[in-house]
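K.L.:
Please find one structure pasted underneath; my questions will follow.
FYI, it's all coordinate maths here, none of it is from the lab. Computed from a predicted structure; not experimentally measured. With ideal geometry, Cβ positions are generated from the backbone for all residues, glycine too; neighbour counts draw on all protein chains shown.
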Amino acid sequence: MSGRKSGFEHVATKSSNAWMVTFADLTALLLTFFVLLFSMSSVNIAEWDEVITALSKKLGEKIEADDGDDGSDLAVLETFIPKAVDLEYLRNVMSNKLQGDPILSKAELQMKTDRMVISLPSDSLFKPSSAELTEAALSAVSVLGDALLVIGNRVDVAGHTDPIPISTWAYPSNWELSLARAISVASAFRNAGYTPGIAAIGYGDSRFGNLPRDITEEKRYELARRVDVIIRQGTGAAYAP
């Protein structure tokens, strides 16, 4: 007989960290699933922030590798990057979102060549000659802000007024009033958790001539007092008129 050893020969192998890649992919898929669920309903923002913070802290801790070296940082907030979505698909989602709120249901949704415009009536959002959102309007705008959290499309906000001139200490002209109202809506989106760059524009009554002329003057003035939420076709790096 030869001098070969009988039985199984045990070879010590160093454990691999390849499982961390699969774990990271699974975490990203689960987060994407929960975010999609979140976009289809109104969720308490404070509770949502607590969940995100807890997950970020837990998964963001450095995982110690078997060889004693530090592993990668798995931060949830850095894993999920919203993508720009098709506007036709987004129109269906937004239509359902708008119909579910008494104030947002008064908004008009228009599809343009490269953008979707949601026109919010200022008469339902603000008191006359004011740029401060009412409590009901603040809640409604936050609902709209929730839906913007999971899309990567460029979003801008534009304020408009009717041609009746205004001259107060706070708003010397219609331009200041329209800009202040656009800023109020954009700020509400920020408070809802929307973090990408967003432009607030004030047009005053400069776009009044673009409104339909086959409607009553009263209706034209009502349509003129609005805040447009403009959702672009792509991500966009800066505001483009």
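K.L.:
Taking amide H positions as placed in the peptide plane 1.01 Å from N, state which residues far from I201 in sequence (5 or more) or on other chains have amide H under 5 Å from it.
P.N.:
Under 5 Å from the amide H of I201 lie the amide H atoms of V157, A158, G159, each far enough along the sequence or on another chain.
K.L.:
Something else about it: Please identify the trypsin sites (Lys or Arg not before Pro) of region 162-229 that satisfy two criteria: DSSP loop assignment and at most 16 other Cβ atoms within 10 Å. Which are they?
P.N.:
Passing sites in region 162-229 are R207, R213.
K.L.:
Just rank D162, D214, D25, fewest to most, by other beta-carbon atoms within 10 angstrom.
P.N.:
Starting with the residue having the fewest Cβ neighbours, the order is D214, D25, D162.
K.L.:
Over region 87-232, what is the mean sequence separation of C-alpha contacts under 8 Å (at least six apart), divided by residue count, expressed as relative contact order in percent?
P.N.:
31
K.L.:
Using r as the Cβ-Cβ distance of L26 and V85, and R0 as 25 Å, what FRET efficiency do you calculate, to the nearest 0.05?
P.N.:
E between L26 and V85, to the nearest 0.05, is 0.60.
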